[in-house]
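The values are calculated or read from the model by the stated rules, or taken from the named source; none is laboratory data. In this text, all values refer to a predicted model and were calculated from it rather than measured experimentally. All Cβ positions, glycine included, derive from the backbone under ideal geometry; neighbour counts span all protein chains shown.
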Amino acid sequence: WAHPNLNVVIAGAPASGKGTQCEKIVAKFGLVHLSTGDMLRAAAADEGNELGQIAKAKMEAGELVPDDLIIGLVAQALNTPECKKKGWLLDGFPRTAAQAHAMSKFFLFPNKCIMLDVPFEVLAERVTGRRLDPETGTIYHLKTKLPYKRDEAGNILQEPLMQDDGNGGKVPVMEEDGVTPKMGDALDEAVMARLTQRGDDTVEALTKRLESFSKNRDAVAAAYSDISIELNGNRAPDAVWADICAYLEKEIPFP
Ligand code: AP5
């Protein structure tokens, strides 16, 4: 018997932290990350792609893209030698009972499923503050996760904090002694300047996205109840990650 690949589904409400945790899972477990949201946004960015333009209108309105459109895309993306070799991490799919059914029809069986639970009132704050670095794909937040300059070991660099001098220039902020410059985390201005916001990250679109999530959540949970773990996603990202990591390191259940 060959050791089976780790094939993971991660599910949760919009802004529950799926993308944030996927970055960590990929870095540690080397799985192929397939985010249906990212796939659809890439198709939508291509003005000549007819399906992409259907998806774009749906996404901006906060509605789900039709099942038949997304199912074909996912089945094709999972059916690659790389996915078969490394294992996969499916982020944002399946999202309806029909999509879960299609997975088994195509013999695509996850062996682990992570469900992130976050109260609805926390999600609006996360969505409106979210920003994306289009160059690296890293997800930031204007209040809780800003891009900072780091040294080679990954530690955040410190530099003197600056403030407006009232004449259009900048002066350092001083410690109480009036002579020592106050140091703070060094913001990476180049990354800050290129951050983008998603078209569906508005409170109006979020309300609709939450409605369809609530309608479908139980059907998706039921499809994987025998292999899934439900985690409180309303904790610091590292605390959520510690639980995910422990779960993924456990032996893969026998199918
Ligand atoms: P998709 O891109 O999948 O969006 P989503 O499910 O709404 O999820 P998000 O990407 O908004 O959030 P996330 O859970 O990844 O959170 P993140 O880590 O970024 O889908 C978009 C659209 O595509 C859908 O609405 C639909 O139209 C269409 N679509 C996609 N798949 C489909 C399918 N299968 N069928 C039909 N249509 C489909 O975090 C959010 C923010 O919170 C960030 O700023 C982050 O820094 C912050 N944050 C994350 N974790 C924490 C934490 N623990 N504490 C504090 N802040 C945190």
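Figures for the structure shown
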{"item": "Top-ranked residue in the stretch 119-171 [being free of Cβ contacts under 8 Å to residues at least 40 places away in the same chain and touching a Leu at 6+ places or on another chain (Cβ under 7 Å); ranked as farthest from residue 190 (Cα to Cα)]", "result": "129"}
{"item": "Subset of the stretch 97-138 (residues that are hydroxyl-bearing (Ser, Thr, Tyr) and either at pLDDT 95 or above or more than 11 Å from the ligand (Cβ to nearest atom) (or both))", "result": "104, 136"}
{"item": "Check on residue 142, under 28 Å from residue 201 (Cβ atoms) and surrounded by fewer than 20 Cβ atoms within 10 Å (Cβ to Cβ)", "result": "yes"}
{"item": "For residue 45: the one exception among (1) hydrophobic (A, V, I, L, M, F, W, C); (2) more than 10 Å from the ligand (Cβ to nearest atom); (3) crowded, with 18+ Cβ neighbours inside 10 Å", "result": "(3)"}
{"item": "Cβ pairs under 6 Å, 6+ apart, first in the stretch 195-212 and on the phi > 0 side of the Ramachandran plot, second at pLDDT 90 or above and within 9 Å of the ligand (Cβ to nearest atom)", "result": "none"}
{"item": "Within the stretch 51-139, helices (runs of 4 or more DSSP H) holding 1 or more residues that are among the aromatic types (Phe, Trp, Tyr)", "result": "120-129"}
{"item": "Contacts under 8 angstrom Cβ, first residue in the stretch 229-250 being farther than 15 Å from residue 23 by Cβ and part of a loop (DSSP other than H, G, I, E, B), partner of a type in the set (Phe, Trp, Tyr) and within 12 Å of the ligand (Cβ to nearest atom), 6 or more apart", "result": "none"}
{"item": "Residue within the stretch 71-79 that is over 19 Å from residue 98 (Cβ atoms) and crowded, with 17+ Cβ neighbours inside 10 Å present", "result": "no"}
{"item": "Test set (1) under 30 Å from residue 75 (Cα atoms); (2) assigned to a strand (DSSP E or B); (3) away from the ligand (no atom under 16 Å from the Cβ) - residue 171 fails condition number", "result": "(1)"}
{"item": "Condition check for residue 24: within 8 Å of the ligand (Cβ to nearest atom) and either within 18 Å of residue 131 (Cα to Cα) or in contact with a Pro (Cβ under 9 Å, 6 or more places away or on another chain) (or both)", "result": "no"}
{"item": "Condition broken by residue 38, with the remaining ones in (1) surrounded by 20 or more Cβ atoms within 10 Å (Cβ to Cβ); (2) near the ligand (Cβ under 7 Å from one of its atoms); (3) in a helix (DSSP H, G or I) satisfied", "result": "(1)"}
{"item": "Residue among 62, 30, 17, 92 that alone is more than 13 Å from the ligand (Cβ to nearest atom) and either surrounded by 15 or more Cβ atoms within 10 Å (Cβ to Cβ) or touching a residue at least 40 places away in the same chain (Cβ under 8 Å) (or both)", "result": "30"}
{"item": "Residues (in contact with a Pro (Cβ under 9 Å, 6 or more places away or on another chain), among the charged types (D, E, K, R) and assigned to a loop (DSSP other than H, G, I, E, B)) located in the stretch 183-200", "result": "188, 200"}
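Results for (1) more than 22 Å from residue 127 (Cβ to Cβ); (2) exposed (fewer than 15 other Cβ atoms within 10 Å of the Cβ); (3) within 16 Å of the ligand (Cβ to nearest atom), shown as yes or no for each residue.
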residue: 149; (1), (2), (3): yes, no, no
residue: 152; (1), (2), (3): yes, yes, no
residue: 179; (1), (2), (3): yes, yes, no
residue: 186; (1), (2), (3): yes, no, no
residue: 203; (1), (2), (3): no, yes, yes
residue: 227; (1), (2), (3): yes, no, no
residue: 231; (1), (2), (3): no, no, yes
residue: 234; (1), (2), (3): no, no, yes
